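Q: Mind having a look at this structure? Questions to follow.
The values are calculated or read from the model by the stated rules, or taken from the named source; none is laboratory data. None of the values given here were measured: they were computed from a predicted structure. A quick note on method: Cβ atoms are made from the backbone with ideal geometry, for glycine too, and the neighbour counts reach across all protein chains shown. These area figures cover heavy atoms from the full protein model, side chains too; ligands, DNA and RNA do not enter into them. Shrake-Rupley method; radii C 1.70, N 1.55, O 1.52, S 1.80 Å.
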2 protein chains.
Amino acid sequence: MSKGVELKNPNLKNMSSDYLYHLTINVANTVDASDIQQQFGDVKVVCMGGTSSRMRDLALYLRNVLGNSDTSEPIDLAAGGHRYALFKEGPVLLASHGVGSSTASVVLHELLKLLKYAKCQDPVIIRIGTCGGVGVAPGTVVVTKNAFNGYLRNEHEIPILGKRVVRPAYFPEQVIQDILKHGNRSEDGFDTIIANTMSTDCFYEGQGRIDGAVCEYDDAAKLEFLKECHKLGIRNIEMEATMLSSLTLQAGVKAADICVTIVNRLNGDQVEITPETKKAFEQRPFLIVGRYIQGLFGK
Amino acid sequence: MSKGVELKNPNLKNMSSDYLYHLTINVANTVDASDIQQQFGDVKVVCMGGTSSRMRDLALYLRNVLGNSDTSEPIDLAAGGHRYALFKEGPVLLASHGVGSSTASVVLHELLKLLKYAKCQDPVIIRIGTCGGVGVAPGTVVVTKNAFNGYLRNEHEIPILGKRVVRPAYFPEQVIQDILKHGNRSEDGFDTIIANTMSTDCFYEGQGRIDGAVCEYDDAAKLEFLKECHKLGIRNIEMEATMLSSLTLQAGVKAADICVTIVNRLNGDQVEITPETKKAFEQRPFLIVGRYIQGLFGK
C-alpha cells in the first residue's frame, strides 16, 4: 500500500512556510502546498549523485528509459542557489549532492521535506556514484548493504546539541534485492554485488590513502587497515553511505546506494584508469538504475 | 623570510608522478615539476569558497584590486573534473570547495600538494563564506580565531586507520590581525570581528536547527545549545573551520576563515533576508580579502 512521507520532526507542523534554502524552493504554505504537490507529487524515485553534470547525463539517459522523446536541455530547478542541481524527468527527481556527507546531508534534508510537502507516495532515494574498491576489480558495481564509518563501526555518528548520537546505518533488504535482480546479465561484462561499504568524511587520511598532503602512517599500516575492512565484508569506500542510510532510516524513506569502483585500493591509491574508461564505468550504475526504473514505469 | 611548503607526508617522496585527481592537474614529474612551477609558482594567496560562481565573481573582483584590466571570462582550470572550480588571477589562486568539510578537505589536500610542487613561497589560504551568526547582527563579518567542532570542543576529530585522532584547530594570530586591520573602516557600515567559530558536518541537526527533515529536540533545547556556544565565544557557525584550521596547521601553511553571517540563529533558523541583501552581504568578505590582497600586492 502506498504511503506518504511522515518525517520525524514535530516542529515542522508549527511552520506556516518553509524555504528549502539550498534547493531555492519556497513552500509558501505548508498546510496547503498544492503548488508543490502539482509540481513534484508524482515523484517515485529520487536519484542523487556527486556532480551536476553526471545528474544531467542521467536525466537524459532516463528519458530514453521512460520513453520520453523530449530533446531539450534538462532544466536545473535549483540553479539559483549555485550549490546543487535539481532536475525532474517524469516521476524521477535527480539531485547533485557534492562530495561527502556534509554537503549531501544538506540537500537530503531538503529533498526529504520536499517529498513530504509534495505528498509523494512511497518514494525511494537511490544514490549513484564512483568509489574505491577493496579487493574487487575496478568496474565492479557495489550495492551497499551495511554502511560502516571511518571507525569501522556499522553506525552513523553525529553530534547533536553537542552530544554524540549514534544511529543505525543500513539499507533496506527489499530495495537491495529489487535492484540486484537488474544486475549480472550475461551481456553486462561486469559484476554487480551486494557488499558492505565504508564511508568517511576525508578522502585521504580517512580512507587510509598515503598520497594526501598529510600522512603519518606508511603503506604497511594502510594495507593492514584495508584488509581489516575486507574482513568486515567491506568491498568499497565512498563518502556518503552511512549518512544516507541513517538519515533515510530516520525519515522512514526507502533508499539504496549503487557505486562503481574505479580503483582497487589493495593495489594502490591513485586512480589510473583513462578518462574514457572512467566515463564507461560511470555508465554502469546508470544501466542498473535505468533497468530498475524501467521495471517500475517502463512500457 | 620566505619558505616553501614542506608537507608532513614522507610517502610523497616515493611518488614519481602525482595526479591531483579532483583538480585534474597532473604532476608528471614530482622531482622536476618545472611545468607546474611555471604555471603556479607565483601563487601567494589561495582563496577558497563554497560555490564556483562565487569564486568566479571573486576572481573578477580581484582583477580590479590587482590592477589587471583583462575583461575575459576567468578560465576554470579544473573544469574537466566537474567537481571543483579553480581560477588563477596573478598571484591569487581561487578554488571552490562545496558545502562542508568532507568536500573541502578533498580539494584542500590537493591544493596543498599543488603549492608544494609549484614551490610557492610562504602562501596563505583564506576561506571566505557565509554562515549563521550567534548573537551578532546579520551582515557581521567574522574572522575565526578558535574552531570548535559539533561537540563544542576546540579541536578537529578525524578517524584515521579506524582510530580517533584529535588535532588542534585554530588560525594563526598574525594572519588574523593582518586581516582585521582591513576591517571596521568608517565607510564599511558593518562590523568585522574576531571570534570563535563552530563547524559541523550537518547543517540541520548538527547546528541545532529545528527545521530539518529529522529533529528530536525542541526550540528550548536548541536555544540552550546556542547559548552554550555563545558562552564559548562562538559567534558564527559554518561547516569548514575545524578541518581547514587543523589541516593547514598540520601542513604548516598559514590560513584564515572570513565569513559573513546571514542569520542570527538566536532569533530563528530560516534565512529571511532577501536575495539582494544576501548578495550584498556576500560582498563583504570580498571587500576585506580584497583590501588584504591589495596590501600585499597593490600598486
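Q: Cysteines of the protein assembly as shown lacking any other cysteine beta carbon under 4.7 Å?
A: A:47, A:120, A:202, A:215, A:229, B:47, B:120, B:202, B:215, B:229
Q: Rounded, prolate or oblate: which fits the range B:107-175, taking a ≥ b ≥ c as square roots of the Cα gyration tensor eigenvalues, rounded meaning a/c under 1.5, else prolate when a/b beats b/c?
A: Since a/c reaches 1.5 but b/c is at least a/b, the shape of the range B:107-175 is classed as oblate.
Q: Which of the pairs A:278/B:13; A:163/B:279; B:113/B:163; A:222/B:254 have their Cα atoms more than 32 Å apart in this structure?
A: The answer is A:163/B:279.
Q: What dipole magnitude, in Debye to the nearest 20, does the range A:128-299 give about its Cα centre under +1 on Lys/Arg Cβ and -1 on Asp/Glu Cβ?
A: Taking the Cα centre of the range A:128-299 as origin, the dipole is about 700 debye.
Q: While we're on this one: Would you work out what percent of the accessible area of the protein assembly as shown, with all protein chains in place, is carbon or sulfur (probe 1.4 Å)?
A: The computed percentage sits at 50.
Q: Heavy-atom accessible surface, probe 1.4 Å, ligands and DNA/RNA ignored: which residues of the range A:1-18 lose at least 30 Å² versus the isolated chain?
A: Buried by 30 Å² or more upon assembly, which counts only protein chains, are A:8, A:9, A:11, A:15.
Q: Taking the alpha carbon gyration tensor of the range B:1-88, what are the square roots of 5 times its eigenvalues, largest first, to the nearest whole Å?
A: 27, 17, 12
Q: With the solvent-accessible surface defined on protein heavy atoms using a 1.4 Å probe, which residues belonging to the range A:102-131 display a reduction of at least 10 Å² in accessible area in the multichain context relative to the isolated chain?
A: Residues losing area: A:102, A:103, A:105, A:106, A:109, A:110, A:113, A:130.
Q: How much accessible area is lost when chains A and B come together, counting both sides, with a 1.4 Å probe, in Å² rounded to the nearest 100?
A: Roughly 5900 Å².
Q: What residues have an amide H closer than 5 Å to that of residue B:194, excluding those fewer than 5 places away on the same chain, when H is modeled at 1.01 Å from N in the peptide plane?
A: B:143
Q: Taking a label point 7 Å from the Cα of residue B:153 along the Cα→Cβ vector, which residues of the range A:141-176 have an amide N closer than 16 Å to it?
A: Once the point is set 7 Å along Cα→Cβ of residue B:153, A:150-151, A:157-166 turn out to lie under 16 Å by backbone N, inside the range A:141-176.
Q: What lysines could a cross-link reach from residue B:181, if we take a straight Cα to Cα line under 16 Å and drop same-chain neighbours fewer than 8 places away?
A: Within the straight-line limit of under 16 Å, residue B:181 reaches these lysines: B:145.
Q: Whole Å is fine, so just give me how far the alpha carbon centre of the range B:200-279 lies from that of the range A:193-222.
A: Taking the Cα centre of the range A:193-222 as reference, the centre of the range B:200-279 is 28 Å away.
Q: Keeping all protein chains in place, calculate the accessible area per residue for chain A (probe 1.4 angstrom), answer in Å².
A: 37
Q: Taking every residue in B:215-228, how many Cβ atoms of other protein chains lie within 10 Å of its Cβ, on average? Walk me through the numbers before you get to the answer.
A: Numbers: counts 9, 8, 4, 3, 2, 0, 2, 2, 0, 2, 4, 1, 0, 2.
That average works out to 3.
Q: With each run of n ≥ 4 DSSP H residues scored as -39500 (n - 2.57), what mean residue ellipticity at 222 nm is computed for chain B after dividing by its residue count and rounding to the nearest 500 deg cm²/dmol?
A: After summing the helix terms and dividing by residue count, I get -10000 deg cm²/dmol.
Q: Residues of the range B:239-286 with accessible area at least 50 Å² lower in the all-protein-chain context than alone (1.4 Å probe)?
A: B:270
Q: If the cut-off is 19 Å between C-alpha atoms, which aspartates and glutamates fall inside it for residue B:88, apart from same-chain ones fewer than 8 positions away?
A: Reachable aspartates and glutamates: B:35, B:42, B:57, B:70, B:73, B:76, B:110, B:122.
Q: Let me ask something additional. Assuming 1.306 mPa s and 10 °C, estimate D for the range A:227-280 with Stokes-Einstein, Rh taken as the Kirkwood radius over Cα pairs, in µm²/s.
A: The Stokes-Einstein estimate is 118 µm²/s.
Q: Sticking with this structure for a sec: Cα centroid distance between the range B:147-184 and the range B:67-82, in Å?
A: Each part reduced to its Cα centre gives a spacing of 31 Å.
Q: Net charge around residue A:118, counting only other residues with Cβ within less than 15 Å of its Cβ (Lys, Arg = +1; Asp, Glu = -1)?
A: The answer is -1.
Q: For peptide B:158-168, how many partner chain Cβ atoms fall within 10 Å of a residue's Cβ, on average? Mind showing how you got there, number by number?
A: Values: counts 6, 13, 15, 14, 12, 4, 2, 3, 0, 1, 0.
Averaged over the peptide's residues, the number is 6.
Q: Write down the percent of antiparallel bridges among all DSSP beta bridges whose residues are both part of the protein assembly as shown, to the nearest 5. Let's see the in-between values first.
A: Details: 36 of 94 bridges.
Roughly 40 percent of the beta bridges in the protein assembly as shown run antiparallel, per DSSP.
Q: For the range B:142-299, give the share of DSSP beta bridges that are antiparallel, in percent and rounded to the nearest 5; count only bridges with both residues there.
A: Of those bridges, close to 45 percent are antiparallel.
Q: How many percent of DSSP beta bridges within chain A run antiparallel, rounded to 5? Kindly include the intermediate steps, with their values, before the conclusion.
A: Working: 18 of 47 bridges.
Roughly 40 percent of the beta bridges in chain A run antiparallel, per DSSP.
Q: Now, a different point. What whole-number value in cubic angstrom gives the convex hull volume per residue for the C-alpha atoms of the range A:149-299?
A: 146
Q: Tell me which residues come under 5 Å, amide H to amide H, from residue B:254 once H is placed; ignore anything under 5 positions away on its chain.
A: HN-HN under 5 Å from residue B:254: B:125.
Q: Right, something else. For chain A, treating each Cα as an identical point scatterer without solvent, what Debye log10 I(q)/I(0) comes out at q = 0.10 1/Å?
A: Summing over Cα pairs of chain A leads to -0.54.
Q: Okay, next question. Residue A:184 to residue A:28: FRET efficiency via 1/(1 + (r/R0)^6), r the Cβ-Cβ distance, R0 60 Å, to the nearest 0.05?
A: E(calc), rounded to 0.05, equals 0.80.
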